[in-house]
Amino acid sequence: MINYGKQNINKKDISAVIKTLQSNYLTTGPNTKIFERNFQKKIKCKFALSTSSGTSAIHLALLALNIKKGDVVIIPVINFIASLNMLEHLKAKVYFADVNKHTGQMTPETLKDCIKKNKLKKIKLVITMYNGGNPLNAEKFYDLKKKYKFKIMEDACHALGGKYHSTKNSYVGSCKFSDIATFSFHPLKSITTCEGGMVTTNDTEIQKKIKQIRNHGMYRKKTGRKNYNWFYKIVYPGFNYRLSDVNCSLGNSQLSRLDTLIKKRVKVALMYKSKLNDYQKYVNLPEVDKNKTASHLFIINFKLEYLKISRDEIIKKLYNSGITTQVHYIPINSHPYYKKYNKIILLSAKEYFKCSLSLPIYPDLSEKKVDYICSKIKHLINKYKNKR
Ligand SMILES: Cc1ncc(COP(=O)(O)O)c(C=O)c1O
């Protein structure tokens, strides 16, 4: 089978992990500090705080932004479920923005529509999500932030290694256009720590809160007295959302080749673009801005009006040819738990969901495999295209 994603682990990663396993520190230790410092330097933000997962990064960010019961938060409806789940726990009042029907990303226009249609006055937070890894419209969302006075959190789990379009070289996570950004190091992301995540911010107060909540809400006063290191106070009902030193040593080794890994992903994306170029009557291909996108996913949209086959049937047939694909994502308001939101219909998201498919992409996906995948897609199109 060709998987739709795959981690990239090399010998250096393995020896970094072994070295940490043989050291005195398994949980928070020197590698945690090194990973956070190197991440912060690479991304050029003021603070980078490692977390046990991308989901805990989101939870911590929401707590640090003081999101509480009844606060109005807008999120894109095409999304991973983590942000909605965390907002549900905090009892926030969630509104869903529609998306661009090709990218699956919220746009400044769909965000403004959501504000208008729902007559929203006091918006506390907008969470953007760069579905697929291309950080589109960050600057325009920032303009709206100034107009409507909301905070912006970037759920940048797809976009580590991507750069903002209006800048020459600013990485997503530098928080040039946001208050806070969150990342996941799940194995299929730009870099991995197995499970893990990171929060970045330039705000000292947010950083302080996250550090505290991440570690049970403990407060330790620095006294310089070694015989006083047992004393702490609990000042918040916090969590254990720390990332272990073992995970951090892997993350640090991975981070040293972030740009190389992204270049390889972009190369795969460009291969798809050229091999499927002649089939654009039947399939929409994503923009690949090679110096900006993190190419986490390669999402295509079938033009089903020209085909006598559904997206779901295409998934089955590709699977039977040894190719695993994915759908990113089922509109998050439609899940059974979220009954209260089930009736909301956002038309472009509906269309996106019906037509879109994520093809396999990972740094070491060979040209031979991309050729094979494209040949199977072309075969299906030729077999099922409308003769009209
Ligand atoms: C957009 C997005 N947000 C949040 C998460 C949650 O990250 P994690 O799986 O590390 O908790 C993911 C991971 O799949 C994601 O893709």
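Values in this text are rule-based calculations from the coordinates and carry no lab data. Since the structure is predicted, the reported quantities are computational estimates derived from the model, not experimental observations. Heads up, the Cβs are rebuilt from the backbone with ideal geometry, glycines too, and the neighbour counts pull from every protein chain shown.
Computed quantities for the displayed model
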| item | result |
| --- | --- |
| Diffusion coefficient, µm² s⁻¹, Stokes-Einstein with Kirkwood Rh over alpha-carbon pairs of segment 33-129 at 10 °C and 1.306 mPa s | 108 |
| Violating pairs (Cα-Cα greater than 30 angstrom) within the set Lys112/Lys340; Lys42/Lys275; Lys69/Lys101; Lys151/Lys292; Lys11/Lys163; Lys91/Lys263 | Lys42/Lys275; Lys69/Lys101; Lys91/Lys263 |
| Principal axis box of segment 4-69, alpha-carbon based, largest edge first, Å | 46, 36, 24 |
| P(r) weight above 41 Å for the chain, C-alpha pairs, percent | 15 |
| When each of Lys44/Lys121; Lys211/Lys339; Lys44/Lys290; Lys140/Lys350; Lys119/Lys189 is checked by Cα-Cα distance, pairs over 26 Å | Lys44/Lys121; Lys211/Lys339; Lys119/Lys189 |
| Fluctuation leader among Lys208, Lys378, Lys226 - the chain, Gaussian network, Cα springs under 10 angstrom | Lys226 |
| Spin-label zone in segment 341-358 - amide nitrogen under 18 Å from a point set 7 Å from the Cα of Ile309 along the C-beta vector | 354-358 |
| Charge dipole (the chain, unit charges on Cβ, about Cα centre) - positive-most of Gln40, Cys114, Ala57 | Cys114 |
| Pair-distance profile P(r), taking every C-alpha pair of segment 92-139, with 10 angstrom steps and integer % | 25, 55, 20, 0 |
| Residue with peak Gaussian network fluctuation, the chain [Cα springs, cutoff 10 Å], from Ile127, Ile344, Ile78 | Ile344 |
| Most mobile of Thr182, Thr293, Thr325 in a GNM of the chain (Cα contacts under 10 Å) | Thr325 |
| Karplus-derived 3J(HN,Hα), 6.51/-1.76/1.60, for each residue of segment 98-112, Hz, glycine and proline x | 5, 10, 5, 6, 9, 8, x, 9, 4, 10, x, 5, 5, 5, 5 |
| Theoretical ellipticity at 222 nm over the chain - DSSP helices of four or more residues, -39500 (n - 2.57) apiece, nearest 500 | -11500 deg cm²/dmol |
| Local electrostatic count, Asp371, Cβ distance below 13 Å [Lys/Arg +1, Asp/Glu -1] | +4 |
| At q = 0.11, 0.14, 0.17, 0.18 Å⁻¹, base-10 log of I(q)/I(0) for segment 154-303 (Debye sum, equal scatterers on each alpha carbon) | -0.58, -0.82, -1.06, -1.13 |
| Semi-axis lengths, Å, segment 115-183, gyration tensor of Cα atoms, sqrt of 5 times eigenvalues | 22, 12, 10 |
| Globularity ratio of segment 249-360, using Cα Rg and 2.2 N^0.38 Å | 1.28 |
